[in-house]
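Notes follow once the structure below has been shown.
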Amino acid sequence: MKFRSTDPLLTAAKVVVALLIALSIFVMVMLTIGLGAIFTVERSDLLAKLASAGAPQYAYWMVALVIAMLIGLFWHAFQFLRDLWSIIASVDAGDPFRPANADLLNRMGWTVLGAYITALLIALQAAWLEQFDPLDSIDADVNIDLGAGGLLLMLTLFILARVFRHGAAMREDLEGTV
């Protein structure tokens, strides 16, 4: 049962997800360039700013770690969106209830959990670093929302993975009896 949908919702979802994938790649590239910059051309300037703020010497490495973890956070977003793209494609093809989609939904749930933990660690590190920059001289602002929405999304994805797995098994049983 293969068909191509002309559903405007699926078309819109494909466009939005494709744009978000491109944006996540762009942000990861820019953050990687920024990380490279603080290890090279901006190293002395950042060290001087941190020292003048009274930060310990390892604060430099904490800044680098925050940027690296931000890259990881956007990697989680990229992974999530890539899996969502695959599910949208299977729905568009007319075959959403298959074990592969259950696996994708399960992986998306774990990806959300990983992103949530990464965001929590970034927020903790950024809060610690903020004490050394009361005048905002470093020009960095990290604001991460750690609301319950991410946790609810994770639970929903895990439940949907089970629903899809059960639906795929029921379809296989039905096809076997016909």
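The values are calculated or read from the model by the stated rules, or taken from the named source; none is laboratory data. The structure presented is a predicted model; accordingly, all values stated were derived computationally and were not measured. Ideal geometry is used to build each Cβ from the backbone, glycine not excepted, and the neighbour counts take in all protein chains shown. For accessibility, only protein heavy atoms count, side chains too; no ligands or nucleic acids. Shrake-Rupley method; radii C 1.70, N 1.55, O 1.52, S 1.80 Å.
Key figures for this structure:
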{"quantity": "Residue count, region 1-50 (criterion: loosely packed, with under 12 Cβ neighbours inside 10 Å, of a type in the set (Ser, Thr, Tyr) and at pLDDT 85 or above)", "calculated": "2"}
{"quantity": "Complete set of residues in region 121-178 that are of a type in the set (Phe, Trp, Tyr), under 30 Å from residue 54 (Cα atoms) and either modelled with pLDDT of 85 or more or in a helix (DSSP H, G or I) (or both)", "calculated": "128"}
{"quantity": "Residue list for region 66-96, filter: within 20 Å of residue 154 (Cβ to Cβ) and of a type in the set (Val, Ile, Thr)", "calculated": "87, 88"}
{"quantity": "Check on residue 63, assigned to a helix (DSSP H, G or I) and either closer than 30 Å to residue 165 by Cα or not aliphatic (A, V, I, L, M) (or both)", "calculated": "no"}
{"quantity": "Residue 118 vs. criteria outside any loop (DSSP other than H, G, I, E, B), crowded, with 20+ Cβ neighbours inside 10 Å and among the hydroxyl-bearing types (Ser, Thr, Tyr)", "calculated": "no"}
{"quantity": "Residues (out of contact with any Gly (no Cβ under 9 Å at 6 or more places or on another chain) and either basic (Lys, Arg) or touching a residue at least 12 places away in the same chain (Cβ under 8 Å) (or both)) located in region 5-27", "calculated": "7, 10, 13, 14, 17, 18, 20, 21, 24, 25, 27"}
{"quantity": "Exclusive hit being outside any helix (DSSP H, G or I) and open to solvent by less than 70 Å² (accessible area, probe 1.4 Å), set 55, 68, 100", "calculated": "55"}
